[in-house]
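Just below is one structure, and these are the notes that go with it.
The values are calculated or read from the model by the stated rules, or taken from the named source; none is laboratory data. Note that the structure is a prediction, hence the values are computed from the model and not measured. Using ideal geometry, Cβ is built from the backbone for each residue, glycine included, and neighbour counts are taken over all protein chains shown.
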Amino acid sequence: MKNIGFIFSIFMFCFLCSCNKASESTTTTEVVTKTALPAKSEQEIVHMVQAADDLDMVFNGFSMNVQNAGAKQTLVSMLSRGVDNPNCPELGLIFVKSQGEQIGHLSVHIGEGCAYFKHYENNRPTHLNAMDQKGVEMFRNLLNQIKTTPKPAH
């Protein structure tokens with residue numbers, strides 16, 4: 001269980017890295033508006049990092065949790081940059097909490113030529129932020145590890 005927490009901490013640290021740039025793309029998987037979803041600003045992300053004390057991540061029925069300082073540490077490198085190609089499949093969800101209340105809801109998307117996070121508010125997509133190559137590699141390694149982890153016998 002400690003390995004999963006450590007892997008999740010590293011994963012979150014790497015996948016949340018990006019730069020600030022406005023998005024000029026439109027989403028084809030979900031129609032929110034006829035204009036592109038913008039990137040979340042650095043100030044919004046910094047606020048989320050400062051308030052975060054708990055992260056939950058879910059991939060096809062597999063979930064992980066990181067709390068307190070580990071939650072902040074995994075989010076601290078997240079910066080904002082827009083998404084050029086918003087046509088990746090959704091791989092999982094991340095829920096950011098502060099004092100028991102959800103303050104962030106993200107979906108993780110990785111595909112051929114695209115990798116990003118979609119932010120939600122009131123269950124509606126509001127922002128897209130690109131994922132850097134280190135984040136892509138971390139998610140792929142994590143997903144491969146989940147696939148190869150034996151399931152306990154019932």
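On inspection, LEU91 passes the criterion of being within 19 Å of PHE62 (Cα to Cα) and within 15 Å of the chain's Cα centre (by Cα). Pairs meeting the criteria (first residue in the stretch 30-47 and surrounded by 15 or more Cβ atoms within 10 Å (Cβ to Cβ) and modelled with pLDDT under 85, second residue of a type in the set (Asp, Glu) and assigned to a loop (DSSP other than H, G, I, E, B), beta carbons under 9 Å, at least 6 apart or on different chains) are ALA36/GLU24.
One residue stands out in the stretch 77-89 among those that are in a loop (DSSP other than H, G, I, E, B) and at pLDDT below 65: the one that is farthest from PRO38 (Cα to Cα), namely SER77.
Pairs are defined by a Cβ separation below 9 Å, a sequence spacing of at least 6 or placement on different chains, a first member in the stretch 59-76 that is β-branched (Val, Ile, Thr) and in a strand (DSSP E or B), and a second member that is at pLDDT 75 or above and surrounded by 15 or more Cβ atoms within 10 Å (Cβ to Cβ); the pairs so defined are VAL66/ASP54; VAL66/LEU55; VAL66/ASP56; VAL66/MET57. Of the residues that make up the stretch 135-143, is at least one surrounded by 10 or more Cβ atoms within 10 Å (Cβ to Cβ), in contact with a helix residue (DSSP H, G or I) (Cβ under 7 Å, 6 or more places away or on another chain), at pLDDT 90 or above and small (Gly, Ala, Ser)? Looking through the stretch 135-143, none of the residues is surrounded by 10 or more Cβ atoms within 10 Å (Cβ to Cβ), in contact with a helix residue (DSSP H, G or I) (Cβ under 7 Å, 6 or more places away or on another chain), at pLDDT 90 or above and small (Gly, Ala, Ser). Regarding the stretch 133-145, can at least one residue be identified that is within 14 Å of the chain's Cα centre (by Cα) and either at positive phi or polar (S, T, N, Q) (or both)? Yes; the residues of the stretch 133-145 include at least one that is within 14 Å of the chain's Cα centre (by Cα) and either at positive phi or polar (S, T, N, Q) (or both). Quick check, is VAL96 touching a His at 6+ places or on another chain (Cβ under 9 Å), at pLDDT 85 or above and among the β-branched types (Val, Ile, Thr)? For VAL96, the condition - touching a His at 6+ places or on another chain (Cβ under 9 Å), at pLDDT 85 or above and among the β-branched types (Val, Ile, Thr) - is met.
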